[in-house]
Amino acid sequence: MRIVEKYDAGFQITAQRLQDSGDPQGFSNVSIDDSLVEVSVPNAVVRQLGPDAVMVVATFDGKMVAPGMSGKRDDGGGNRFEFAAQPIIVKVIVGGEARSVKGLDQEPILIQLLANASAFPGALCVYWDEMLEHWSGAGIESRVSSDGALVCATTHLTIFAAIMGVFEDVLDELRCTNIRIFSSEAVAAAREGEWARTSAGALVWALAAGCVISVLGSAWRDQQVCRSNLWRDDYLILYLPEHQREAFGVAKVINSIKAVHRSARSVHRSLCRLHCSDLCTWVPSLPAKTCEAVALLGVHSRLSCRHHISVNTMRQHLWGHGGYVHHSPAGRNSEQLSHLLDQVRDQVPKTFAELYSPRNLPAVFCMTFCGMHPLASVFHLDLQQSSAKRAKLLFDALIGAVVVSALFLANTGSLMTANSPRECVVEDFNAIRYFLFAIASCLLVKLPLGIVSMASLRGYVHHQHDSPDDLRHRHHRNFRIQDALFWNVSLVWTAVCLAYLVIFVANLHKLDHPRFLMMCITVVLRAVLVWPTVCAFFVTIGIMLTCALHPEFARSGSWKLGLFLDKVGEVHPKVHELAHRGISVQDLLDFYSKLGSDDMFPHFDPDASTTHDVVRHAVIPLSLGVEWEGGGAAYATVLNKGEPRMANKMVTHNWGNKFSHLLAAVFADCMGHRTYDHALGMLVDKGCMEELREQLRTRAHRRYWICAFSVNQHSGICDKPPLTDSHGRPLNPCSCSVPKYLTGDPCEMNKFDDMMAYLLTISPAFSQVIAVDSHFVLFSRIWCIAELLEARRDHIPQDLEIHSVAHIVEHRKQLDIFDVQDAQASFPADRELILSKVDDPVQFNKEMRELVLHPEHGLLSVWSSHVLATSMLVDELGSILALATVDGV
């Protein structure tokens, strides 16, 4: 049944009974004569309305009296619009009364208003809000059908139209947001002070008070650290080798952005070339990398809580993904910090073992939570950023996240109902939505504050020892400028955020205070509870899975992390004794300063005397004594008064090298230098000894294992010296009665390999220092070659100390023609002993070339950039690498 009535007033009414076509996906259509308007009601709705439902559609010609229903007019709010399609009224009548379709389990009703939507660009569906008396687009969807018609999808029935231009509901949404929060009315509401007595206002006060208290407390902590001489900014200004010089501040931010860009391009290229074989290689390594990440986070957190050192400082200067950090400049100017870092380093293996003890899982969770807690870490020592800065950044992040959350919620119509709850309709409360908004806000704030934090980081500044004082003052001035910029930017950020929150809260409707509080609490809890809890949970679960799936890693560690917890079982007593004959840098300085005196090697010449000369003329005579068994002992034992002193590093050197060069290499390694020409210059010039002592002062306690001092020469070679030394002076046999052992179980000289492996397990950050003589003779000495290869096979970190870059070019060719059969030793028996351990000389030669010349991980690889930087070296380096490639390197 269909009825159509036309009236002279300019409108017509069409009434049609709705009929279910039987198709579950079908519609009951009502079309309007002489019009393109069509209403489609889903059959599911028709069935729910019943068989008596009648659809009534009234169309107008635009000459209506109701406000806002003329062709083009101002609705009183300054909004201009025009109709793209004349308004229509759509109602459903059941039993003589209008029936609402809200709440029905239905698909939307479709109302076609325009047959050609492209003729009216920007046309949108709206309905007439009878309560607010204006057009609105809320709850109605504008669609374009497959044949290009404008269709309105709605779940309620009222007066509909298609309009163009700026319409009221958009401005309503803007009016309900805080886009004009700094208007005069909003500021005036804040000045009244009523906000301060609300619950939301109390939260703003708490954020401001927390910021002030934490910054003042952390500033007091900074003063304590400075007064104790543990750390201050002046320690960042020091002599740095070229490889340790890095940008900081704004330059570091720029470099980091470039690095991210390069990494993104590299990842993109890798993904483009990704094959199944690459996945097969990468996926199996994922569990090992996860185990390492868990171990690092757990150990760092535990040590951070114990010693109050930040996780970032430990990762950069103590122990990280690449194992122990060698030659860190940290502590070079602070003796207290140097001892503290060494103490923490010594506890890494023990802490790792504690971490994987099943009984310690609750303690692991608590310690990780404490170590990763932002409030606790603020008061931990960080060498690059003061506690006050970190506290300020923490609260800037919290306040910024609250502000961004407020912007999110206000601009999406979820908050800010200050004008009127009637005008600004708030969506139903959704706790998950608020939580996600808060998390997203924290992440958005992290980016700008992360850039500010990186720009405020301190960095080590290279300063020549002989530079004028005004250059040091210039470095301090740059630090002060960096501080001033940070605090000015940070204070402006805080002031703007607090001002926004004050005005926001002052104009916030009382009904929205609980929601605002929940949002703020979510932001705070994410920082002080959720993040450290997630880290602690990750570490705890990771440890449990590692113990179950990778028990070998939990028990022994990994050589990639520098941990060898159970590599050596039962140790020979002589090996244990040798490992604890370390000699300190301070003892070496004292020993060298006495050389040339009437009591110790009077004819010592730093430019000519070899290590062998010093052993014969000084070490052997000074280590004689009736208090030692047989009348003699190792010189390190004499200095240590028989007490065991574990070595931190082992020095590989050849006895034909100049003794001054040997000690210069040791001192250069202690200072973190890669060449020892600088240290050698101060050793040769006696007037510079005090300056050298001062540069080594903070690390003079570190102990090295040097065979000339650590091996008991009286049990081996003291009775059979050559006829003369390198100066042509006669040498006399030693008068001790210590039994001599050149081979066999009591011999000390055949246990270097076992001692290195043992030190690797008991001495954290143990490494090998290779003191290369100026003529590169070391690489032709059989003992040195054996020690180098054994260290590489045992994954012992190796540090090469050379005289200068120029010497690489001058003597590198001789490395390419290396042959183990040509290697020499001071005693033929030593040579035969080493060669007897070599099964395949060809393979041995190949390993030796790869050890030294490999372009990526060879001992000389760190010098590639220096060599290539000089045009005179390019041809020679190319020829050497070509020859090495031919030989299979």
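Some observations on this one:
- Accessible-area composition of segment 185-252, carbon plus sulfur, in percent [1.4 Å probe]: 58
- Computed extension gain for Glu691 through His261, at 0.36 nm per residue and net of the alpha carbon distance, reaches 150.4 nm.
- Anchor Lys560: lysines whose Cα lies under 16 Å away (excluding residues fewer than 8 positions away in-chain): Lys289
- Those lysines that a straight Cα-Cα span of less than 29 Å connects to Lys91, excepting residues fewer than 8 apart in one chain: Lys6, Lys63, Lys72, Lys102
- Surface analysis of segment 554-616 yields an accessible area of 42 Å² per residue, using protein heavy atoms and a 1.4 Å probe.
- FRET efficiency estimate (nearest 0.05) - Cβ-Cβ, Arg227 to Ala363, R0 35 angstrom: 0.60
- Amide H contacts of Ile796 (H built 1.01 Å from N, in plane; Pro and chain starts excluded): no residue 5 or more places away or on another chain comes under 5 Å.
- Cα centroid separation, segment 743-818 to segment 321-348 (Å): 24
- Of the trypsin sites (Lys or Arg not before Pro) in segment 633-716, the ones in a loop by DSSP (not H, G, I, E or B) with at most 12 other beta carbons within 10 Å are Lys641.
- For segment 359-375, Karplus couplings with θ = phi - 60° (6.51, -1.76, 1.60), whole Hz, Gly/Pro x: 6, 9, 4, x, 5, 4, 4, 5, 5, 5, 4, 5, x, 9, 6, x, 5
- Long-range amide H partners of Glu38 with built H, under 5 Å: Gln112
- Modelled FRET efficiency - R0 22 Å, His576 with Leu622, Cβ distances, 0.05 increments: 0.35
- At an R0 of 35 angstrom, the distance between the Cβ atoms of His339 and Ile481 translates into a FRET efficiency of 0.60.
- The label point for Trp531 and the one for Ser146, both projected 7 Å from the Cα toward the Cβ, are 5.2 nm apart.
- Extension gain (nm, one decimal) between Glu107 and His775, 0.36 nm per residue minus Cα-Cα: 231.6 nm
- Simple spin-label estimate for Asn116 and Lys289 in nanometres, 7 Å along Cα-Cβ: 5.9
- For segment 742-752, putting each phi into the Karplus relation 6.51 cos²θ - 1.76 cosθ + 1.60 with θ = phi - 60° gives couplings of 9, 9, x, 5, x, 5, 8, 6, 9, 10, 5 Hz, in residue order, rounded to whole numbers and with x for Gly and Pro.
- Surface share of carbon and sulfur [accessible, 1.4 angstrom probe, percent] for segment 524-635: 61
- Between the alpha-carbon centres of segment 373-389 and segment 29-61 there is a gap of 69 Å.
- Neighbour net charge for Asn255 - beta-carbon separation under 14 angstrom, K R +1, D E -1: +3
- If the chain linking His462 and Thr724 were pulled fully straight, counting 0.36 nm for each residue of separation and taking away their Cα-Cα distance, it would gain 89.7 nm.
- Cα shape, segment 554-697, gyration tensor, a/c 1.5 rule: oblate
- Each residue of segment 765-780 was assigned a 3J(HN,Hα) from its phi angle through the Karplus expression (A = 6.51, B = -1.76, C = 1.60, θ = phi - 60°), giving 6, 4, 8, 10, 9, 9, 8, 7, 6, 5, 9, 6, 5, 3, 6, 10 Hz with x at Gly and Pro.
- Placing pseudo-labels 7 Å out from each Cα toward the beta carbon at Asp23 and His701 gives an inter-label distance of 8.8 nm.
The values are calculated or read from the model by the stated rules, or taken from the named source; none is laboratory data. All values derive from a computational prediction rather than experimental measurement. Reconstructed Cβ throughout: ideal geometry from the backbone, glycine too, with neighbour counts over all protein chains shown. Areas reflect the complete protein model, heavy atoms only, side chains present, ligands, DNA and RNA absent. Shrake-Rupley method; radii C 1.70, N 1.55, O 1.52, S 1.80 Å.
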